[in-house]
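S.K.: Can you keep this structure in mind? I'll have questions shortly.
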Amino acid sequence: MSPRPTAIEIDSLTLRYGERLIQRDLSFTIAQGDIFIIMGGSGCGKSTLLRHLIGLQTPAAGSVRFAGVDLWQTDDSTRQAMQRRFGVLFQSGALWSSLTLSENIMLPMTEIGGFRAADARELAAVKLALVGLAGFEDFYPSEISGGMKKRAALARAMALDPDILFFDEPSAGLDPLSSAHLDELILELRDSLGATIVIVTHELASIFAIGDNAVFLDAETRTMIALGDPKTLRHSGPEGVRNFLGRGKM
Amino acid sequence: MTSHNASLLLHQEAGILTCQIAGDWHAGEQQPEPLPSVTGGERLQFDCSGLGRWDSSLLARLLPLAESARQAGCVVADDGLPPGLARLLRLALAVPARRQPGNSHEEGILDHVGKVTLAAWQRLPLNLAFLGDLFRSLGRLVLGRARFQRADLLLFAEDAGPRALPIVSLISFLVGTILAYMGAAQLAMLGAQIYIADLVGIGMVREIAALMTGIILAGRTGAAYAAQLGTMQVNEEIDAFRTFGLPVSDFLVLPRFLSLLVMAPLLTLYAGIVGVAAGMLIATTVFDVGAFAYFQQTTKALNLTHFIVGMVKGTVYGALVAIAGCLCGMRCGRSAQAVGEATTAAVVLGILLITISASLLTILFQQLGI
Ligand SMILES: Nc1ncnc2c1ncn2[C@@H]1O[C@H](COP(=O)(O)OP(=O)(O)O)[C@@H](O)[C@H]1O
Ligand SMILES: [Mg+2]
C-alpha cells in the first residue's frame with residue numbers, strides 16, 4: 001500500500017477550558033481516506049479535541065493543519081471555506097429543531113451549496129433514504145427517536161458531499177443492529193466518496209471493524225498514550241489501552 | 001426486631017490495625033464519628049463479629065479509612081468484611097480519586113466579587129464580537145445580501161407583535177387609569193380637571209407607553225429569545241450552523257432583532273392610544289369632563305413630535321431588548337441550568353438597558369429642545 005497524502009496534521013495541540021487543562025501535547029496525522037478513531041475514557045476530552053479539529057474552539061497551544069493550511073492561523077473567510085468541506089455529526093445530533101428533517105438537509109444545500117430548492121429537496125430525500133429514513137422527510141426532530149435523530153444528523157452531515165467527516169459517538173444510543181448498519185454505511189461512504197473520516201467512539205465492534213488508525217487519550221496523564229492500528233494496539237499497546245480494547249473478553 | 005446502635009472502633013497492635021464494626025447501620029440514623037485517617041501500619045483488617053444489618057452508610061465510613069490506609073502504604077485486608085461489603089469496597093477503591101484542579105466551590109465574598117468582575121471583563125470581547133456580527137449582518141441586510149429565512153421573520157414578528165397585544169392593552173389601560181386618577185386628584189382641587197387630558201396624553205404617548213412596552217417585551221420576547229438560543233446552544237445546533245459556515249448572526253439574530261425593531265414602535269403607538277382612551281374614560285365617568293372636551297384638549301396637547309419621540313424611544317427599547325435576549329442566549333452554557341440563567345440575565349439586562357437609555361434619551365431630547 002503506497003503511503004497516502006496527509007489530510008489532517010495535529011501538532012503539539014493543547015486543549016484547555018480556561019485554566020483547566022484537558023489534554024496536552026497531542027501530535028498525530030490523519031491520512032487521506034483513513035477512518036481514524038479517537039478513543040479514551042469518558043470525560044478525557046474526546047469531544048473537546050473534535051471541537052478543536054472542526055474550528056469551534058481555539059487551541060491553547062499547537063496547531064491543526066488541513067492540507068498544510070493552519071486552521072487557526074488563517075483569516076475567517078478561508079477558515080469558513082475549509083469548514084465547508086467538513087461534515088459533522090455532533091454527539092447530540094444537533095438537528096435544527098425548528099426545521100423538518102428534509103429542511104435540515106436542504107438548508108446547507110441551498111444556502112452554501114447553491115442548489116435550487118427543488119433539487120435540494122430531491123437530494124435530501126435520497127440522503128434520508130441512505131440512512132434508512134425514507135418517508136420521514138416532513139417530521140420534526142422532536143417527533144423521532146434518539147437513534148433516528150443520529151441517523152438524520154448523519155444525512156445532514158453528508159449534505160454537501162464533504163471531504164472530511166467528523167462523527168462524535170455516532171452509535172451511542174443505537175441498538176447493535178443499527179450500529180452495525182451504521183458501520184457499513186461509514187465504510188461505504190469512505191469507499192464511494194473517498195472521504196476521510198474521524199470518529200469518536202467507545203464501540204469496540206466499530207473500532208475493530210472500521211478503524212484504520214486510532215489515538216488513545218488518557219484522562220490520568222492528560223495526553224495521548226497510544227497511536228496506531230487498533231488491532232495492533234490491542235496486543236502491544238500500553239496497559240490502559242490493552243484493557244480498554246480487550247474489555248470484551250474479560 | 002430491635003436495632004443496636006452502630007459503633008466503630010480502631011485498635012492498633014504491632015502494626016496491625018483492627019477496625020471493629022458493630023451494630024445496625026442505617027443511613028439517616030445516629031452514627032459514630034468518622035475514624036481519624038490511617039497514617040502508618042502494615043495491615044488494616046476488619047472485625048465484623050458484632051455487625052448487624054448494614055447499608056451504604058457503612059461503606060461511606062469505611063471508604064476514607066481504607067483510602068487513607070492505602071495511601072499510607074498499609075495493606076487493606078477485606079476478608080473480615082461481609083462478602084457484599086468487601087466487593088463494594090473493592091469497587092469503590094478500584095479507581096483512585098482524581099482531584100481535578102479548578103473545581104473548588106468554597107470561596108469568600110471577595111473571591112466571588114473578584115471572579116464575577118473578572119468574568120464580566122473576560123466576556124467583554126465576546127460581547128463586542130456579538131455586536132460587531134450584528135452590525136455586519138445589518139450591513140448585509142441593507143445590501144440585500146443577508147441570509148436568513150423570510151418565514152422565520154414573519155413568525156418572530158407575529159409572536160413579538162400581535163400576540164403581545166392583550167398584555168400590552170391591559171397594562172396600558174391600567175397605567176392610563178392610574179395616571180388619570182393621580183393627576184385628577186390634584187387638578188380637581190384647582191378645578192382644572194380638563195388638564196388630565198394633557199397629563200395623560202403627553203405622559204403616555206411620550207414616555208410611559210414606550211417604557212411599558214419595553215418592559216413587557218423584555219419579559220416576554222427577550223426572555224423567549226434567550227431561552228430559544230440557549231437551548232440551541234445546549235443541543236449543539238448553533239455549532240452545527242458554524243461548522244456549515246452558515247453565518248449565525250444572519251440566521252438566528254437578525255430575524256429576531258428585526259421583528260422587535262419593527263414591532264416595538266407599533267406596540268408603543270398602540271399602548272399610547274389605549275392609555276389615552278383609559279384616561280378619557282376615567283375623566284368622563286369619574287371627574288365629569290365632557291368626552292368631546294377631553295378629546296379636543298388631547299389633540300391640542302399632543303403634536304406629532306410627541307408621537308415621534310415616543311416611537312423613537314420604543315424602537316430603541318425594542319432593539320435593546322432584542323440585543324439583550326440574543327446576547328444572553330448566544331453566550332449560554334451547555335446545561336439546562338445555564339438556559340435558566342441566560343433567560344433571567346436577558347430580562348435583567350434588558351430592563352437595565354431600557355432604564356439607562358430612557359434617562360439618556362430624556363436628557364438628549366431635553367437638550368435638543370424637542
Ligand atoms: N464548556 C466546558 N467548560 C469547562 N469544562 C468542560 C466544558 N465542556 C467539557 N468540559 C470538561 O472537559 C472534559 C472533557 O470533556 P469532553 O471532551 O466532553 O469529554 P469526552 O471525552 O467524554 O467527550 C470533561 O472533564 C468536562 O468536564
Ligand atoms: Mg464526548
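S.K.: Condition (residue is at the interface with chain B (Cβ under 9 Å from one of its Cβ atoms), within 16 Å of ligand 1 (Cβ to nearest atom) and open to solvent by 20 Å² or more (accessible area, probe 1.4 Å)) applied to region A:72-87: is it met by at least one residue?
M.R.: Within region A:72-87 (the criterion being at the interface with chain B (Cβ under 9 Å from one of its Cβ atoms), within 16 Å of ligand 1 (Cβ to nearest atom) and open to solvent by 20 Å² or more (accessible area, probe 1.4 Å)), the answer is no, since none of the residues qualifies.
S.K.: From the set of residues in region A:173-202 that are open to solvent by 20 Å² or more (accessible area, probe 1.4 Å), within 21 Å of A:I38 (Cβ to Cβ) and of a type in the set (A, V, I, L, M, F, W, C), which is nearest to ligand 1 (Cβ to nearest atom)?
M.R.: This residue is A:L174.
S.K.: Also, I was wondering about something else. In region A:203-221, how many residues are within 16 Å of ligand 1 (Cβ to nearest atom), in contact (Cβ under 8 Å) with a residue 24 or more places away in the chain, surrounded by fewer than 21 Cβ atoms within 10 Å (Cβ to Cβ) and acidic (D, E)?
M.R.: Number satisfying all stated conditions: 1.
S.K.: Among A:I38, A:I8, which is the only one that is within 16 Å of ligand 1 (Cβ to nearest atom), closer than 21 Å to A:I186 by Cα and out of contact with any Asp or Glu (no Cβ under 7 Å at 6 or more places or on another chain)?
M.R.: A:I38 is the lone residue from the list that is within 16 Å of ligand 1 (Cβ to nearest atom), closer than 21 Å to A:I186 by Cα and out of contact with any Asp or Glu (no Cβ under 7 Å at 6 or more places or on another chain).
S.K.: A further question follows. Would you mind stating whether A:S206 is closer than 22 Å to A:S42 by Cα, among the hydroxyl-bearing types (S, T, Y) and either in contact with a helix residue (DSSP H, G or I) (Cβ under 9 Å, 6 or more places away or on another chain) or in a helix (DSSP H, G or I) (or both)?
M.R.: So A:S206 fits the description; yes.
S.K.: Something else about it: Please go through region A:66-94 and give me each residue that is more than 22 Å from A:L193 (Cβ to Cβ) and modelled with pLDDT of 90 or more, ordered by number.
M.R.: Across region A:66-94, the qualifying residue is only A:D70.
S.K.: Among the residues of region A:190-197, is there at least one that is farther than 22 Å from A:I8 by Cα and either in contact (Cβ under 8 Å) with a residue 60 or more places away in the chain or more than 13 Å from chain B (Cβ to nearest Cβ) (or both)?
M.R.: So far as region A:190-197 goes, no, none of its residues is farther than 22 Å from A:I8 by Cα and either in contact (Cβ under 8 Å) with a residue 60 or more places away in the chain or more than 13 Å from chain B (Cβ to nearest Cβ) (or both).
S.K.: Here's a follow-up. From A:D168, A:D163, which residue is within 14 Å of another protein chain (Cβ to nearest Cβ), surrounded by 20 or more Cβ atoms within 10 Å (Cβ to Cβ) and within 23 Å of B:R242 (Cβ to Cβ)?
M.R.: On inspection, the qualifying residue turns out to be A:D168.
S.K.: Would you say B:V289 is at pLDDT below 95, within 14 Å of chain A (Cβ to nearest Cβ) and open to solvent by 10 Å² or more (accessible area, probe 1.4 Å)?
M.R.: No.
S.K.: Just a yes or no: is a residue in region B:66-89 of a type in the set (K, R) and part of a strand (DSSP E or B)?
M.R.: No, that holds for no residue.
S.K.: Quick one: A:E9 ticks every box in (1) away from ligand 2 (no atom under 16 Å from the Cβ); (2) under 19 Å from B:R334 (Cα atoms) except a single one, so which number is it?
M.R.: (2)
S.K.: Could you tell me whether region A:28-36 includes any residue that is surrounded by fewer than 20 Cβ atoms within 10 Å (Cβ to Cβ), among the hydroxyl-bearing types (S, T, Y) and in contact (Cβ under 8 Å) with a residue 60 or more places away in the chain?
M.R.: no
S.K.: Here is a follow-up. Take the residues in region B:218-243 that are under 14 Å from B:A322 (Cβ atoms) and open to solvent by less than 10 Å² (accessible area, probe 1.4 Å), then tell me which one is nearest to the other protein chains (Cβ to nearest Cβ).
M.R.: Here the answer is B:L229.
S.K.: Let me ask you something else. Can you pull out the residues in region B:183-209 that are in a helix (DSSP H, G or I) and of a type outside the set (A, V, I, L, M)?
M.R.: Within region B:183-209, B:G183, B:Q186, B:Q193, B:Y195, B:D198, B:G201, B:G203, B:R206, B:E207 qualify.
S.K.: Hey, another quick one. For region B:176-217, enumerate the residues that are open to solvent by less than 30 Å² (accessible area, probe 1.4 Å) and among the β-branched types (V, I, T).
M.R.: B:T177, B:I196, B:V200, B:V205, B:T213, B:I216
S.K.: Considering only residues that are at pLDDT 90 or above and buried (at least 24 other Cβ atoms within 10 Å of the Cβ), look in region A:139-153 and name the one that is farthest from the other protein chains (Cβ to nearest Cβ).
M.R.: Going through the qualifying residues, I end up with A:A152.
S.K.: Another question about this same structure. Take the residues of region A:43-58 that are within 12 Å of another protein chain (Cβ to nearest Cβ) and within 17 Å of A:P170 (Cβ to Cβ): which is nearest to ligand 1 (Cβ to nearest atom)?
M.R.: In this case the residue turns out to be A:S47.
S.K.: Only residues that are out of contact with any helix residue (DSSP H, G or I) (no Cβ under 9 Å at 6 or more places or on another chain), open to solvent by less than 20 Å² (accessible area, probe 1.4 Å) and in a loop (DSSP other than H, G, I, E, B): list them for region A:38-60, please.
M.R.: Within region A:38-60, A:C44, A:G45 qualify.
S.K.: Would it be correct to say that A:D161 is acidic (D, E), under 18 Å from the mean Cα position of the chain (by Cα) and either assigned to a loop (DSSP other than H, G, I, E, B) or away from ligand 1 (no atom under 16 Å from the Cβ) (or both)?
M.R.: Judged against the criteria, A:D161 is a match.
S.K.: Please work out which one of (1) farther than 30 Å from B:G52 by Cα; (2) outside the structural domain of B:A223 (by TED's automatic domain parsing); (3) open to solvent by less than 100 Å² (accessible area, probe 1.4 Å) is the condition B:L81 fails and give its number.
M.R.: Every condition holds for B:L81 apart from (1).
The values are calculated or read from the model by the stated rules, or taken from the named source; none is laboratory data. Because the structure is a prediction, the values reported are computed rather than measured. Ideal geometry is used to build each Cβ from the backbone, glycine not excepted, and the neighbour counts take in all protein chains shown. Keep in mind that these areas ignore ligands, DNA and RNA; they rest on the heavy atoms of the full protein, side chains included. Shrake-Rupley method; radii C 1.70, N 1.55, O 1.52, S 1.80 Å.
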